[in-house]
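In what follows, a structure is listed as structure tokens, so that the remarks can point back to it.
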2 protein chains.
Amino acid sequence: MRIEIVTIGDELLLGFTIDTNAAQLARALAAVGVEIVHRTTVGDNPGDIAGAVKAALDRTGAVITTGGLGPTSDDMTKASIAAIFGKRMIRDEAIVAALRERWARYRRLGPFPESNIAQAMIPEGATIIPNAHGSAPGIWLADEAGRWVAMLPGVPREMRGMLTDELLPRITQRMSADGSGAPTVVRSRTLRTTGVAESALADQLGDLASGVDGLALAFLPGVDSVDLRVTSRGLAADAADAALERAVVKLRGAVGRFVFGEESADLAEIVLKSCRRRGIRLSVAESCTGGLLGARLTAVPGSSDVFVGGVIAYDNSIKRDWLEVSQDALEEHGAVSEEVAVAMAKSIRARMRTDIGISITGVAGPGGGTASKPVGMVWVALDGISSEARCLRLFGTREEVRQRAAQAALDMLRRALETS
Amino acid sequence: MRIEIVTIGDELLLGFTIDTNAAQLARALAAVGVEIVHRTTVGDNPGDIAGAVKAALDRTGAVITTGGLGPTSDDMTKASIAAIFGKRMIRDEAIVAALRERWARYRRLGPFPESNIAQAMIPEGATIIPNAHGSAPGIWLADEAGRWVAMLPGVPREMRGMLTDELLPRITQRMSADGSGAPTVVRSRTLRTTGVAESALADQLGDLASGVDGLALAFLPGVDSVDLRVTSRGLAADAADAALERAVVKLRGAVGRFVFGEESADLAEIVLKSCRRRGIRLSVAESCTGGLLGARLTAVPGSSDVFVGGVIAYDNSIKRDWLEVSQDALEEHGAVSEEVAVAMAKSIRARMRTDIGISITGVAGPGGGTASKPVGMVWVALDGISSEARCLRLFGTREEVRQRAAQAALDMLRRALETS
């Protein structure tokens, strides 16, 4: 099946909002064998919306739109598309009731806003696509010829939920029903690496860097990781899975020591699982990351059985008074030093009575660097199952240095857990 | 001037990477009066790249590409575009030297990777666009007829730096040189609000919600804020600025109490500035946010003169032993309660000897909710210039609840600083 996407919103056209929905849609649809053949972005203008959707319908007969379903006056998707199908707009009382219930549950100020009612107007004969994550429902509108438009909200978390819960089942059902389902699929596997530069990874991969057994290999560098994504096209589902499995084995053979997980694996989640299995409890002492490492760990649901807490020792007085770092060490070696990092890790472990303590102290920049301690120099230390400290030379913006430092601390812990 | 954008990469086409560059480019170019008339995305395929760039050149004669400049084999932008212009590829020794120097500075493993050399091949006669934030330089290639292509890397932080530092000056110079510069501009002003739902904001705005004096108004909801963006089109620069200023005054008149800043203002930065002006020092005690509030504050360069540190009291034992929360309070009221939030704020303020202590304790979910303390219930407390505690009912995913809680704590502090 071939589908077109129309993303709607002045803010997209002007670049004020990043079009995350287009990527989400492409990825989810490719995984079930749908091909996205065209993507258009238009502003909040009824004529432009109708023009783009009509042109797309004429080409493929299957269109997904995002955006313009909200309660405000710049939301005009439904009426514009209803006009293409020759439908009038009617008020759906079930939506009105759901909106009122939702408002009562979450309300922060005053009575139910009447502008919300716009969200309850739908084209006659349309099917409502429930929105579990927000107030604006989606709309499915089809005609006798089998042409259809699915209208989803522009808010990414709402769009995502409706795509998975409602739209994909509907589309795959259509594909099997009308026999247009592609016999081949586009499938990928991803290996996530950290602590290695993209170019060094390519060198280590040698010939594999240009593709594995005819499967395309992409390098996807992120702030704190480089993902290797191998993609199979043109194969049936079973053959694609087998080819990808063989490719993953080869890639792991070459660069496995940098791989911390697959697909969307989160290093914090991996580390927490490994600790949980062994009954290990963690604490952290953070200086330049200011809570980022704790935030990474506690972002994972259920982290409370492993992660106990920590101290954000941003000012040196906190390192001294709360983490038993001696004034001598601070004066002699400076706050960014092996001695201070080690003392912080040992102290937080002992004082929070955990099995492992992790510490981070460094120069995140942009100011504060010196010749001997430049911006990007970060000490990470671990005390517990093993005792180690490592000096990192990170580059990037302040936030990138901080994110990379937190990631490096998690990776040090992952390696320590693997080898002890 | 009219420009086309071609973004390159299999991962964009398949949706594995979000196309942030397209938005960045559109926004920066619109601000100087350039109109983006077409956007195409193609995969890492020489034929597709050449086809898309050639078509774009034929339409407007001015094209910006992103992606495909890196050291790996899926990076083939330069050669594909050189072919369109009939140029051969040559090795640039200055780039080789810069790559070697950069590698020496940041290297983590082994010798200089030879695959890096691909980044030093450029089309003959091309101008190098320096890349201050990464290893792959950009390329500017023009012909006698004045048609040009600017090739930028796909890594967003690299693309952004080169756009601002190198490409925009080059484009604005061309616009004034060839007289094609538009006499009108597209300009926007943004008011950032927090603590209010989009629909409630629209109600408070009344008639203004559909536009201010003929200027378009967009509602841009984020995880922890709703931005109001008013946009002027078709006016000369001075008239646009004046019209926007009048619109901003009207918007502030209607919903100013929710506005914490303008443009890309960060609430943490605003709060830190306000504290700095008054010599106020801060500490935090975090439970469900696990360090996120500290991370928000320390993300701001120079925060160390205001922010001293904090305790991540994730486990109740840390609340008791490190923050003087009594076992009785924990047992009688539970960890998510006004009593515990207030005790945490008072204790961290006193024990870290700061002027203000802020605390957060709540149920981030997805598990752990009860009938009386559902997921999304968060207590935020402040001790210092004023003493207050507030119970929030937040919705969204675990991470959204946490981000909204940290933002609400910062906003509580902002309001307290304003009124005391």
Item to check | Test result for A:Ala405, under 24 Å from A:Ile270 (Cβ atoms), crowded, with 22+ Cβ neighbours inside 10 Å and under 25 Å from the mean Cα position of the chain (by Cα) | outcome: yes
Checklist entry - Filter the stretch A:197-206 for residues that are of a type in the set (A, V, I, L, M, F, W, C) and at the interface with chain B (Cβ under 8 Å from one of its Cβ atoms); which is farthest from B:Ile18 (Cα to Cα)? => result A:Ala200
Checklist outcome for this item: Selection over the stretch B:359-373 where residues are touching a Ser or Thr at 6+ places or on another chain (Cβ under 7 Å) and of a type in the set (S, T, N, Q) yields a count of 1
Checklist entry - Identify, please: which residue in the stretch B:72-91 is modelled with pLDDT of 90 or more, closer than 30 Å to A:Gln204 by Cβ and of a type outside the set (A, V, I, L, M, F, W, C) and is, among those, surrounded by the fewest Cβ atoms within 10 Å (Cβ to Cβ)? => result B:Arg91
Checklist outcome for this item: If you go through A:Gly302, A:Gly291, the only one that is under 25 Å from B:Gly365 (Cβ atoms) and touching a helix residue (DSSP H, G or I) at 6+ places or on another chain (Cβ under 6 Å) is A:Gly291
Item to check | Any hit, the stretch A:204-212, residues being surrounded by fewer than 22 Cβ atoms within 10 Å (Cβ to Cβ) and touching a strand residue (DSSP E or B) at 6+ places or on another chain (Cβ under 6 Å) | outcome: yes
Checklist outcome for this item: Subset of the stretch B:290-302, residues at the interface with another protein chain (Cβ under 7 Å from one of its Cβ atoms), outside any helix (DSSP H, G or I) and buried (at least 18 other Cβ atoms within 10 Å of the Cβ), comes to B:Gly290, B:Gly291, B:Ala299
Checklist outcome for this item: Considering only helices (runs of 4 or more DSSP H) wholly within the stretch A:10-116, the ones with at least 1 residues that are free of Cβ contacts under 8 Å to residues at least 40 places away in the same chain, touching a His at 6+ places or on another chain (Cβ under 6 Å) and more than 9 Å from chain B (Cβ to nearest Cβ) are none
Checklist entry - Restricting attention to the stretch B:232-291, which residues are under 30 Å from A:Glu286 (Cα atoms) and among the polar types (S, T, N, Q)? => result B:Ser264, B:Ser274, B:Ser283, B:Ser287, B:Thr289
Next on the checklist: Based on this model, can you work out whether A:Val336 counts as in a loop (DSSP other than H, G, I, E, B), assigned by TED's automatic domain parsing to the domain that holds A:Ser386 and within 14 Å of A:Val380 (Cα to Cα)?
Outcome noted: yes
Next on the checklist: I need every pair where a residue in the stretch B:162-174 that is not assigned by TED's automatic domain parsing to the domain that holds B:Leu25 has its Cβ under 8 Å from the Cβ of a residue that is modelled with pLDDT under 85 and crowded, with 16+ Cβ neighbours inside 10 Å, sequence separation at least 6 or different chains.
Outcome noted: none
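This table checks each residue for (1) touching a Phe, Trp or Tyr at 6+ places or on another chain (Cβ under 9 Å); (2) among the charged types (D, E, K, R).
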| residue | (1), (2) |
| --- | --- |
| B:Phe260 | no, no |
| B:Ser264 | no, no |
| B:Ser274 | no, no |
| B:Arg278 | no, yes |
| B:Arg281 | yes, yes |
| B:Cys288 | yes, no |
| B:Leu292 | no, no |
| B:Asp305 | no, yes |
Checklist entry - Taking the condition surrounded by 15 or more Cβ atoms within 10 Å (Cβ to Cβ) and over 26 Å from the mean Cα position of the chain (by Cα), does B:Gln173 pass? => result no
Next on the checklist: Just the residues that are acidic (Asp, Glu) and surrounded by 15 or more Cβ atoms within 10 Å (Cβ to Cβ), please, taken from the stretch B:126-164.
Outcome noted: B:Asp143, B:Glu158
Checklist entry - Based on what the data block shows, is B:Ile348 touching a residue at least 40 places away in the same chain (Cβ under 8 Å) and outside any loop (DSSP other than H, G, I, E, B)? => result yes
Checklist entry - Just to be sure, is A:Ala202 outside any helix (DSSP H, G or I), out of contact with any Cys (no Cβ under 7 Å at 6 or more places or on another chain), touching a residue at least 12 places away in the same chain (Cβ under 8 Å) and under 19 Å from B:Glu114 (Cα atoms)? => result no
Next on the checklist: Looking at A:Arg402, A:Arg414, can you tell me which residue is at pLDDT 95 or above and out of contact with any Cys (no Cβ under 7 Å at 6 or more places or on another chain)?
Outcome noted: A:Arg414
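Here's the yes/no breakdown for (1) within 12 Å of another protein chain (Cβ to nearest Cβ); (2) assigned to a loop (DSSP other than H, G, I, E, B); (3) farther than 26 Å from B:His133 by Cα:
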residue	(1), (2), (3)
A:Arg192	no, no, no
A:Gly195	yes, yes, no
A:Leu208	yes, no, yes
A:Ala218	yes, no, no
A:Val223	yes, yes, no
A:Ser232	yes, no, yes
A:Ala242	no, no, yes
A:Ala254	no, no, yes
A:Arg276	no, no, yes
Checklist entry - Which residues, counting only those in the stretch B:381-420, are within 14 Å of chain A (Cβ to nearest Cβ) and among the β-branched types (Val, Ile, Thr)? => result B:Thr397, B:Val401
Checklist outcome for this item: Over the stretch A:303-327, the set of residues more than 7 Å from chain B (Cβ to nearest Cβ), of a type outside the set (S, T, N, Q) and assigned to a loop (DSSP other than H, G, I, E, B) is A:Val306, A:Glu324, A:Val325
Next on the checklist: Anything in the stretch A:45-71 that is within 30 Å of B:Gln204 (Cβ to Cβ) and surrounded by fewer than 23 Cβ atoms within 10 Å (Cβ to Cβ)? List them, or say none.
Outcome noted: A:Asn45, A:Pro46, A:Gly47, A:Asp48
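The values are calculated or read from the model by the stated rules, or taken from the named source; none is laboratory data. These numbers were taken from a predicted model, which means no experiment stands behind them. Neighbour counts run over all protein chains shown; Cβ positions are idealised from the backbone, glycine included.
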